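Dumping the structure here so I can ask a few things about it.
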Amino acid sequence: VRISSKDSSAVFEKSMTFPTIDIEPRFIFYKEDVLGGTQYNKALPENFQLNEEELVLRAEPFFFSRENSSRLSYTWPMNGEEIQPQDKPNILDLRVNPGNSGSAAIGLEIKNPFSSFQSVAKSLNINY
């Protein structure tokens, strides 16, 4: 910033430098409850026990470009096979048939199709 008097008899100049922070895109898995909504106060761990017959899984992305946030691509593999969400690309509704038990590896890859540097993938293991 440069400030001077009208007649330029006094001139003041000051500059500042702000460091840029390199933040990698990421996302967090949350459980969504039909009555209570998304449980943002508790992120799902990488391994957890499912005690209900249904799980609504929500992924919230962070540190992606705002201009293209509605155009992010979501790829959901379950046990190695891609599955499609029903309504919203960041929400997956999973159901377990009564009496069944086992585990499922649920993954998610989020990509910004307009920036090759903005992509992230991770998975979680659900025991039921």
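The values are calculated or read from the model by the stated rules, or taken from the named source; none is laboratory data. All values reported here derive from a predicted model rather than from experimental measurement. Don't worry about glycine lacking a Cβ; one is built from the backbone with ideal geometry, like all the others, and counts go over all protein chains shown. Surface accessibility is based on the protein's heavy atoms, side chains included, excluding ligands, DNA and RNA. Shrake-Rupley method; radii C 1.70, N 1.55, O 1.52, S 1.80 Å.
Can you report the number of residues in the stretch 28-44 which are under 30 Å from ASN68 (Cβ atoms) and surrounded by fewer than 10 Cβ atoms within 10 Å (Cβ to Cβ)?
Total satisfying the criteria: 2.
Within the stretch 11-27, does at least one residue satisfy the condition of being surrounded by 11 or more Cβ atoms within 10 Å (Cβ to Cβ), under 22 Å from the mean Cα position of the chain (by Cα), of a type in the set (A, V, I, L, M, F, W, C) and closer than 19 Å to ASN127 by Cα? First the steps, then the outcome.
First, pick out the residues of the stretch 11-27 that are surrounded by 11 or more Cβ atoms within 10 Å (Cβ to Cβ): 25-27.
Then keep just the ones that are under 22 Å from the mean Cα position of the chain (by Cα); that gives 25-27.
Adding the requirement that they be of a type in the set (A, V, I, L, M, F, W, C) leaves 27.
Pick out the ones that are also closer than 19 Å to ASN127 by Cα and you get none.
No, the stretch 11-27 contains no residue that is surrounded by 11 or more Cβ atoms within 10 Å (Cβ to Cβ), under 22 Å from the mean Cα position of the chain (by Cα), of a type in the set (A, V, I, L, M, F, W, C) and closer than 19 Å to ASN127 by Cα.
Next question, about the same structure. Name the residues in the stretch 106-127 that are open to solvent by 10 Å² or more (accessible area, probe 1.4 Å) and touching a residue at least 60 places away in the same chain (Cβ under 8 Å), would you?
Those that are open to solvent by 10 Å² or more (accessible area, probe 1.4 Å) and touching a residue at least 60 places away in the same chain (Cβ under 8 Å): GLN118, SER119, VAL120, LYS122, SER123, ASN125, ASN127.
Answer with yes or no whether ALA43 is in contact with a Leu (Cβ under 6 Å, 6 or more places away or on another chain) and at pLDDT 90 or above.
For ALA43, the condition - in contact with a Leu (Cβ under 6 Å, 6 or more places away or on another chain) and at pLDDT 90 or above - is not met.
Need at least 1 residues that are in contact with an Asp or Glu (Cβ under 7 Å, 6 or more places away or on another chain) and without any contact (Cβ under 8 Å) to a residue 60 or more places away in the chain per element, so show me which strands (runs of 3 or more DSSP E) inside the stretch 17-105 make the cut, counting only ones lying wholly within it.
Working: elements: 26-33, 37-43, 47-49, 54-62, 73-78, 81-83, 91-95.
Where strands (runs of 3 or more DSSP E) fall fully within the stretch 17-105 and carry at least 1 residues being in contact with an Asp or Glu (Cβ under 7 Å, 6 or more places away or on another chain) and without any contact (Cβ under 8 Å) to a residue 60 or more places away in the chain, they are 26-33, 37-43, 54-62, 73-78, 91-95.
Taking the residues in the stretch 55-100 that are small (Gly, Ala, Ser) and more than 17 Å from PHE29 (Cβ to Cβ) as candidates, determine which candidate is modelled with the highest pLDDT. If you could, list the steps in order and put the result at the bottom.
To start, the set of residues in the stretch 55-100 that are small (Gly, Ala, Ser) comprises 59, 65, 69-70, 73, 80, 99.
Imposing the further condition that a residue be more than 17 Å from PHE29 (Cβ to Cβ) reduces the set to 65, 69-70, 73, 80, 99.
On the way: SER65: 85, SER69: 81, SER70: 87, SER73: 96, GLY80: 92, GLY99: 89.
Out of the qualifying residues, it is SER73.
Looking only at residues in the stretch 78-93 that are closer than 18 Å to VAL120 by Cβ and open to solvent by less than 50 Å² (accessible area, probe 1.4 Å), which one is farthest from the chain's Cα centre (by Cα)?
The extreme case among them is PRO85.
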